[in-house]
Structure formats: structure tokens, C-alpha cells
Amino acid sequence: MWPTIIHLELPFWPHEFDIRSYGLMLMIGFLGGTWWAARRAQRVKANPELVVNCGFVALIAAIVGARLFYVIHYWDQHFAGRGFWAAVNITAGGMEFYGGFLGAVSALLVYLWWNKASWRLYLDIFAPSLAFGLAVTRVGCFLNGCCWGGVCPEHLPWAVHFPYGSAPFVRQWDERTVALPAEFIYVSRSGTQAWPINPAPDDPKYADALAGQARKFGRTPKELVAEASTMHSSSLHPAQLYASINAALLAFLLSVVFYRRKRQGIVLALFLTLYPIMRVFEEIIRMDNPHDTAGLTISQFVSVLIFVTGVSLFVILRRLPLRSPKAVPYVPPWEQEEAKKPEKPKERGKRR
């Protein structure tokens, strides 16, 4: 795990500043995907400026949608009675891809309608970039330690272990699949609750509990921190990297299809049918999502709905013309101005 890429203490800023790995990967995926989409737009004579604007609209809508989806899904467990700030504080973690996807697509449809542009053309342009952005962002999930996979055999060369205090480690301790010495288990005064201590002596929120445990068992905080650094979860599948590889392959496939398609809208339909299949299998490997929606995880349930939407889109596209009437070649403003200028009369040669 590497949740914080860079830790900064600026002399002119009163607070410490961290660059989070997930946020960094999200921005790389967004900027790289938008640049790639703009290049595709230029090659098919679409408006690259509109693509860049769509990218920013999609980014904002995706963040709002991903957070809103997560808050609604886990309202009872994490947000009920905790106030407005807990719901909007995305720095504490908690975003769902499908919420971001639905938010981004909805915002793009509205924005393209407002600009009288072809949704079939521009969503085809964006589909490979969406898969690319997902591939990069899943690397951020791996660095952050979220979206982890299930237990796998120890001998697998790609098996991963997450450190003490990480979300996978705490989940395994809750399920009693990993054990802890008594000095690492903090018991409430009532004796009804117990949880692993956080070995962070520099954090005032946990320093007192850590110091108390050290005194109770005749240890020092530094000794507990050193011992905690040697503990880790059992062997797990790197589900985040599986998802990243799948999304990268999907991005490549969609890009190839984009330049060979005869019917506009087909690339979007292909994404809506292939990605849900991939996601259903990913959710089987992942162990962080509860099966709380009709016996499925929420992502599996939404995947079924989106797969049906993708198949329906294939049927609808067969009844539409190959090209959208709104998909006219984009002419830059300076070329339009040049076309409006009257042609200069040709000078006749002087007679001698």
C-alpha cells in the first residue's frame, strides 16, 4: 500500500498537504483519457474543443455521482445521524464507479443535447477513454488498499499482502481469519467492543490508546509500532490489478472497433455489454462489497441492468441510420472565416 504519494509541509501554508495516490491516478486517468478522446475527435473530424469541455463536465458529474451512489448505498452503516459533512467529505474515502459512470453519462447526454451535437458520435469517442481512465484509477485503488480481493493460495506469485491496520487486514480480523496478540486489541470500558489499535503515535487521535496499551502490557509505543510493521493480511488476490488489466484490454478493443465501425453508437453499446460481464466476475473475486441487493452485490445488480441496456441499444441502433444526422464534420472557426472571404480576382498578364 502507498495511499499517500507525496507529503508536503509548505512554509506559507498553515496545514500539511498530502497528495493521495487514488486522487493522483484519477487525475492521470482523466487527463490521459480526455487527451486520447480529443485525438480521436481530430481524426474523425469531430470538435476536439467540445470533447475537452465534455471531459470536465463528465469529471464533475462523475465525482458527484460516485459519492452520491456510495452515500445512498451505505447510509445506514456509515452516514445516518453523522451530519452533512460526513456525506460530502470525499477525502475520507467512499466512491462507487457505477455512480460516477451513471452521473457522467447523464451529464454528457444533457450537455451534448444542449450543444446540438450527436450523442452517438461523441459517446463513441469517449467509450475507449472511459475504459482507459478506469484502468488507471484501479491502480490507485491498489495503492490505496481498497477494492481488495479474496483469499488466494500462498504460492501464487502474484498474491499480495496488505499491512496491519489496512482495510483488508481489519476485515479479516473482524472475521477472525487473522489473529492478533492481546496488546494490539483495544477493549472498550464496558467490555462489549474490541478493535485493533492504530499504531500511529504521531496522530493525537490514536496516541493515547496506543500509549495505554503499551503501559498495560509493559511495552513501549515504539515497540508496538515496530511489531505492527511485521504483521500483514493473509494472501489475497490483487483484484484491483485484475480490474485494471481488464479495463486496459477493453480500452484497446474499443479503440480498434472505433476506427473500423460502420454504425455510430456501436462502440458505446459494446462497452455497455462487455464491461458489465467483466464486472460481475470481478465482484466474485472481490471481498469488500456485501451481497445486499437481491442476493448480489450492488455492482453486480447494476451490471445486469446496464448489460440489458447495452443489448437494447444494439437493437435500437439497427433501426437508426448508420450515421447520425447531427454528426457533421467540424470546421474550425478560422477556416470558416477564410471560407467567407471573397476570392481575389486573378490578375491578367500584361501584354507586351
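Relative to the current alpha-carbon distance between residue 292 and residue 319, full extension at 0.36 nm per residue lengthens the span by 5.9 nm.
Please report the net charge: other residues with Cβ closer than 11 Å to the Cβ of residue 326, K and R +1, D and E -1. Kindly include the intermediate steps, with their values, before the conclusion.
Working: positive: 116, 120, 323; negative: none.
Every neighbour counted, the sum reads +3.
Just to be sure I follow the rule: in the chain, considering lysines 8 or more places apart or on different chains, how many pairs have Cα atoms under 30 Å apart? Step by step, the pairs that qualify in the chain add up to 17.
How would you classify region 1-135 from its alpha-carbon gyration tensor, with a ≥ b ≥ c the square roots of the eigenvalues: rounded for a/c under 1.5, else prolate if a/b is greater than b/c, otherwise oblate? Spell out each step's value before the answer.
Details: a/c = 2.43, a/b = 1.49, b/c = 1.63.
Oblate, since a/c reaches 1.5 and b/c is not below a/b.
Considering only 82, 67, 20, the mean-square fluctuation computed in a Gaussian network model of the chain, springs between alpha carbons under 10 angstrom, is largest for 82. Going through (1) 50; (2) 63; (3) 53, the figure that equals percent of Cα pairs over 25 Å apart as computed for the structure here is (2). Treating each Cα of region 181-228 as one equal point scatterer and applying the Debye formula with no solvent, the log10 of I(q)/I(0) at q = 0.19 Å⁻¹ comes out as -0.53.
When the chain is treated as a GNM with alpha-carbon contacts under 10 Å, the residue of 308, 51, 139 showing the greatest mean-square fluctuation is 308.
Can you give the net charge of the other residues whose Cβ lies under 13 Å from the Cβ of residue 137, counting K and R as +1 and D and E as -1? Numbers along the way, then the final one.
Details: positive: 20, 138; negative: 96.
Once all neighbours under 13 Å are counted, the net charge is +1.
Let me make sure I get this right: for region 83-143, a, b and c are the square roots of the gyration tensor eigenvalues over alpha carbons, sorted descending. Under 1.5 in a/c it's rounded, otherwise prolate if a/b > b/c, else oblate. Which is it? It comes out oblate by the Cα gyration axes.
The packing ranking of peptides 153-161, 52-60, highest mean first, is 52-60, 153-161, where packing means the average number of other beta carbon atoms within 10 angstrom of each residue.
If you average the C-alpha positions of region 275-294 and of region 1-74 separately, how far apart do those two centres end up, in angstrom? Answer, in whole Å: 24.
Pulled fully out, how much extra length does the chain show between residue 311 and residue 229, if you take 0.36 nm times their separation in residues and subtract their Cα-Cα distance?
Values: separation 82, 0.36 × 82 = 29.52 nm, distance 4.95 nm.
Result: 24.6 nm gained on full extension.
Using a/c under 1.5 as the rounded threshold, could you call region 239-301 rounded, prolate or oblate? The axes a ≥ b ≥ c are square roots of the C-alpha gyration tensor eigenvalues, and prolate needs a/b larger than b/c, oblate otherwise.
Values: a/c = 5.14, a/b = 1.92, b/c = 2.68.
Since a/c reaches 1.5 but b/c is at least a/b, the shape of region 239-301 is classed as oblate.
Extension gain, residue 155-residue 187: 0.36 nm per intervening residue step, less the Cα-Cα distance, totals 8.0 nm.
In summary, the helical segments of the chain meeting the span-like criteria, namely a full DSSP H run, a Cα extent along the axis of 15 angstrom or more and a mean Kyte-Doolittle hydropathy of at least -1.0, are 21-43, 48-73, 97-114, 119-144, 204-216, 239-260, 266-285, 298-318. Using the Cβ-Cβ distance between residue 281 and residue 217 with R0 = 41 Å, the FRET efficiency computed as 1/(1 + (r/R0)^6) comes to roughly 0.35.
Over all other residues within a Cβ to Cβ distance under 15 Å of residue 178, the charged ones net out to -2, with Lys and Arg as +1 and Asp and Glu as -1.
Read-outs: derived from the displayed coordinates by stated rules, not from any lab. Source: prediction; values computed, not measured. Virtual Cβ from ideal backbone geometry, glycine too; neighbours counted across all protein chains shown.
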